[in-house]
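The values are calculated or read from the model by the stated rules, or taken from the named source; none is laboratory data. Source: prediction; values computed, not measured. Here the Cβ positions follow ideal geometry from the backbone for every residue, glycine too, while neighbour counts run over all protein chains shown.
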Amino acid sequence: MFHQIRSAPPAPEAATVSALAAGRATAAEAARSLDPDVVRALLQAGFARHFVPEAHGGRGGGFTAVTDAVATIAAACPATGWCASIALSLSRMAAFLPEEGRKRLWEAGPDTLVVGSVSPRGRALPKDGGWQLTGTWPYVSAVEHSDWALVLGLAKAPGAPAERRIFALPRSSYAVERTWSDIGMRATGSHTLTVDDVHIPEALSFPADDLMAGRLPADAPDVSAGADRPAVPLAAVNGLFFCLPMLGAAEGALAHWSVYAEHQLRPEGSGGPGPGRAFYEETLARASGSIDAARLLLERVAAVADSGREITTLETARAQRDCALVADLLVGAVERLFRASGTAGHSEDSPLQRLWRDVHSAAGHIVLQFGPNASAYAVRALSTGPAER
């Protein structure tokens, strides 16, 4: 089999989840929701607790540590890898809550599954020292399995300008409408979350601008302990969480295609029908090269986020550019493999066609569109001097 260079061996926990998810992938697609056993395996492997502060029982981990783990799972089932990324990203966001809110959210332990949306689809009015929230948020992955949700709403107090705020909701506070109908990433169960006039205490809310800028609250464990932890803006890492499942899907597609290609190889000029050896060699080289380049870019995004220093506005714009470029590279690589897979690769029984659909579905995320990210990067790259970069 053709082999692709990996940055490090996958964690045993990720390999275990990967094997289970692979066996449940077909049924999960049909159900448009992950198998409960797979969700339990993700939580047991620590994907929900990874970014949870140690003071709340979590690992207080970084970004580089999960890069290979998510990709390993997504190589078998991109939808499971996507939900692993959601668990990582949303638990990280929950750390921006005030101390009382963090304690409530993680009172049952750090393996609480948090999902959510940062699209401003809700409205909130002040009431009884908190907020009264109503809204509808589509495309909330893994929502049927969630314990809590974080959603963004516009909060409007009388006589004051509207403020974007994040609200934390326990499972009893929201309903789920099964609306997910995408042709790819079906098992993510990205259905619609609805809230109807629910009271949210002040402790379960924080300004969305804090999340965007990476400003942790003053009572956050690492801040109150005097630790030097520079801010990590959401834009510097948001694309990473969406690209890692795509990376795994592309690596999985390459592995499946390689098995197929080895049966097709024959000496050049043997006279048989169809493409010759050079066709498969070029497909392999171009696809694997694009996938390796994508991995290197994502590893740089993670390394900058883990650097322990302040992330510049140019680095943030570069991370957004890189993630959008990675999406294009991976779609192109998987498209090349799919076209070169023959009719067998297009069969409904072939994992390759599912990986192909999943990569295209993931690439449609608004965060990964290259044009807006290219413009944002150009503004920074062309308007700042070398010392500011």
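Evaluate the following for residue 66: is it surrounded by 23 or more Cβ atoms within 10 Å (Cβ to Cβ) and touching a residue at least 40 places away in the same chain (Cβ under 8 Å)?
yes
Does region 78-106 hold any residues that are in contact with a His (Cβ under 9 Å, 6 or more places away or on another chain), closer than 20 Å to residue 39 by Cα and not aliphatic (A, V, I, L, M), and which are they?
Once the filter is applied, which keeps residues that are in contact with a His (Cβ under 9 Å, 6 or more places away or on another chain), closer than 20 Å to residue 39 by Cα and not aliphatic (A, V, I, L, M), region 78-106 yields 83, 91, 92, 106.
Yes or no: residue 33 closer than 12 Å to residue 72 by Cα and surrounded by 20 or more Cβ atoms within 10 Å (Cβ to Cβ)?
Taking the combined requirement at face value, the residue does not satisfy it.
Condition check: free of Cβ contacts under 8 Å to residues at least 40 places away in the same chain and outside the structural domain of residue 148 (by TED's automatic domain parsing). Does residue 107 satisfy that?
Taking the combined requirement at face value, the residue satisfies it.
Exactly one of (1) of a type in the set (Phe, Trp, Tyr); (2) under 21 Å from residue 75 (Cβ atoms); (3) surrounded by fewer than 16 Cβ atoms within 10 Å (Cβ to Cβ) is unmet by residue 257. Its number?
Status for residue 257: all satisfied but (3).
Output the residue which, of all residues in region 139-148 that are touching a helix residue (DSSP H, G or I) at 6+ places or on another chain (Cβ under 7 Å) and buried (at least 24 other Cβ atoms within 10 Å of the Cβ), is nearest to residue 200 (Cα to Cα).
Taking the candidates together, the pick is 146.
Within region 237-342, considering only helices (runs of 4 or more DSSP H) that don't extend past its boundaries, which have at least 2 residues that are of a type in the set (Asp, Glu), closer than 27 Å to residue 383 by Cβ and out of contact with any strand residue (DSSP E or B) (no Cβ under 6 Å at 6 or more places or on another chain)?
Correct list: 313-339.
Which number in (1) buried (at least 22 other Cβ atoms within 10 Å of the Cβ); (2) in contact with a Cys (Cβ under 8 Å, 6 or more places away or on another chain) marks the one condition that residue 24 misses?
Against the list (1) buried (at least 22 other Cβ atoms within 10 Å of the Cβ); (2) in contact with a Cys (Cβ under 8 Å, 6 or more places away or on another chain), residue 24 comes up short only on (1).
Restricting to region 62-106, what's the tally of residues that are within 16 Å of the chain's Cα centre (by Cα) and assigned to a loop (DSSP other than H, G, I, E, B)?
3
Give all pairs with beta carbons closer than 7 Å in which a residue from region 121-140 that is more than 10 Å from residue 196 (Cα to Cα) and free of Cβ contacts under 8 Å to residues at least 40 places away in the same chain meets a residue that is of a type in the set (Asp, Glu) and assigned to a strand (DSSP E or B); count only pairs at least 6 apart in sequence or on separate chains.
Qualifying pairs under 7 Å: none.
Kindly list, by first and then second residue, each pair from a residue in region 369-382 that is polar (S, T, N, Q) to a residue that is assigned to a helix (DSSP H, G or I), limited to pairs with Cβ atoms under 7 Å and residues at least 6 apart or on different chains.
369/324; 373/320; 373/321; 373/324
From the list 262, 281, which residue is under 27 Å from residue 363 (Cα atoms), assigned by TED's automatic domain parsing to the domain that holds residue 336, among the acidic types (Asp, Glu) and at pLDDT below 95?
Within the list 262, 281, the selection yields 281.
Quick check on residue 354: is it touching a residue at least 60 places away in the same chain (Cβ under 8 Å) and either crowded, with 22+ Cβ neighbours inside 10 Å or touching a strand residue (DSSP E or B) at 6+ places or on another chain (Cβ under 6 Å) (or both)?
yes
Of everything in region 357-379 that's polar (S, T, N, Q) and crowded, with 18+ Cβ neighbours inside 10 Å, which residue is farthest from residue 25 (Cα to Cα)?
Per the stated criteria, the residue is 373.
On the basis of being at pLDDT 95 or above, surrounded by fewer than 18 Cβ atoms within 10 Å (Cβ to Cβ), touching a Pro at 6+ places or on another chain (Cβ under 7 Å) and within 30 Å of residue 26 (Cα to Cα), does residue 179 make the cut?
Taking the combined requirement at face value, the residue satisfies it.
Given 117, 89, which one is at pLDDT 95 or above, under 25 Å from residue 244 (Cα atoms), in contact with a helix residue (DSSP H, G or I) (Cβ under 6 Å, 6 or more places away or on another chain) and among the hydroxyl-bearing types (Ser, Thr, Tyr)?
After ruling out the rest, the residue left standing is 89.
Considering only residues that are surrounded by 21 or more Cβ atoms within 10 Å (Cβ to Cβ), among the hydrophobic types (A, V, I, L, M, F, W, C) and within 21 Å of residue 202 (Cα to Cα), which ones fall in region 94-118?
Result: 94, 95, 96, 97, 105, 106, 114, 115.
Just one of 330, 314, 296 is buried (at least 21 other Cβ atoms within 10 Å of the Cβ), at pLDDT 95 or above and not hydroxyl-bearing (Ser, Thr, Tyr); which is it?
330
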